[in-house]
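As structure tokens, the structure follows; a few thoughts come after it.
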Amino acid sequence: YGARTALHHVTFTARAGEIIGVVGPNGAGKTTLIKAVLGLVPLTAGSISVLGATIGACRGEVAYVPQRSHVDWTFPAAVRDVVAMGRIPRTGILRRMGPVGRELVNASIERLGLSNVADRQIGEVSGGQQQRVFLARALAQQPRVYLLDEPFAGVDVVTADLLWDEIGAAAAQGATVLVVHHDLHTAQRFDRCL
């Protein structure tokens, strides 16, 4: 960031089916690491490989769940529309979603307990529901890699348990999951931490 290097000497490999916690205090560079993997911040040295390629070559295989504070909650989209955005990497921005895509969107909405708010504007649902919406969007994408930035921040126990269940299910199906997390008390739930 300008003349300041946020991360240096970072080396790790994430395996398929692994849930990795990126744990540390505020300002340690956790979100910067996720943004670097996504190609959203420039590298001053080194390289990042995702699924053996650059992020540009495999972007459709990587789903990102941002921090709630980084989302414009006034955007005029319903919950269902936001979840359907997860299909764009598979269908393209200008193509219509087919029946398989619609089924994946509906299944993701149902799995995350959002059926009763699916037609509400994204800013009109609770914080926990907003977190569920973005995980549902990621699930609808059917990626091989999940990058989750503070998905448990500000959610109740029921929502946290649901999110853990879905993250575990994705990993059990062979996905790699990186989770930015700040709570050391629950860090033991990860396969390993960075």
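Here Val23 clears all of (1) open to solvent by 20 Å² or more (accessible area, probe 1.4 Å); (2) over 23 Å from Thr176 (Cα atoms) except the condition numbered (2). Here is a check on your reading of the model: is Ser49 among the small types (Gly, Ala, Ser) and touching a residue at least 24 places away in the same chain (Cβ under 8 Å)? Judged against the criteria, Ser49 is not a match. Residues considered: Asp149, Asp119. Of these, the only one that is in contact (Cβ under 8 Å) with a residue 40 or more places away in the chain, open to solvent by 50 Å² or more (accessible area, probe 1.4 Å) and charged (D, E, K, R) is Asp119.
The number of residues in segment 104-160 being β-branched (Val, Ile, Thr), in contact with a helix residue (DSSP H, G or I) (Cβ under 7 Å, 6 or more places away or on another chain) and closer than 20 Å to Ala187 by Cβ comes to 2. Listed by first and then second residue, the pairs with beta-carbon distance under 8 Å, at least 6 apart or on different chains, first residue in segment 29-44 and open to solvent by 60 Å² or more (accessible area, probe 1.4 Å), second assigned to a helix (DSSP H, G or I), are Leu43/Ala36. Among residues of segment 52-73 that are more than 26 Å from His182 (Cα to Cα), those with a Cβ under 7 angstrom from a residue that is in a helix (DSSP H, G or I) and open to solvent by less than 80 Å² (accessible area, probe 1.4 Å), sequence gap 6+ or separate chain, pair up as Arg59/Pro89; Gly60/Pro89. Pro143 falls short on exactly one of the conditions (1) assigned to a loop (DSSP other than H, G, I, E, B); (2) open to solvent by less than 70 Å² (accessible area, probe 1.4 Å); (3) more than 26 Å from Ile55 (Cβ to Cβ), and that condition is (3). Provide a single number: the residues in segment 88-115 that are of a type in the set (A, V, I, L, M, F, W, C) and exposed (fewer than 15 other Cβ atoms within 10 Å of the Cβ). The qualifying residues number 4. Within the bounds of segment 50-59, is there any residue that is surrounded by fewer than 17 Cβ atoms within 10 Å (Cβ to Cβ) and closer than 28 Å to Val155 by Cβ? Yes, there is a match, as at least one residue in segment 50-59 is surrounded by fewer than 17 Cβ atoms within 10 Å (Cβ to Cβ) and closer than 28 Å to Val155 by Cβ. Looking across segment 174-194 at every residue that is aliphatic (A, V, I, L, M) and open to solvent by 20 Å² or more (accessible area, probe 1.4 Å), the one that is farthest from Leu51 (Cα to Cα) is identified as Leu184.
The values are calculated or read from the model by the stated rules, or taken from the named source; none is laboratory data. Bear in mind the structure is a predicted one, so any value in this text is a computation, not a measurement. So basically every Cβ, Gly included, is an ideal-geometry build from the backbone, and we count neighbours across all protein chains shown. These accessible areas exclude ligands, DNA and RNA; they are computed on the full protein's heavy atoms, side chains included. Shrake-Rupley method; radii C 1.70, N 1.55, O 1.52, S 1.80 Å.
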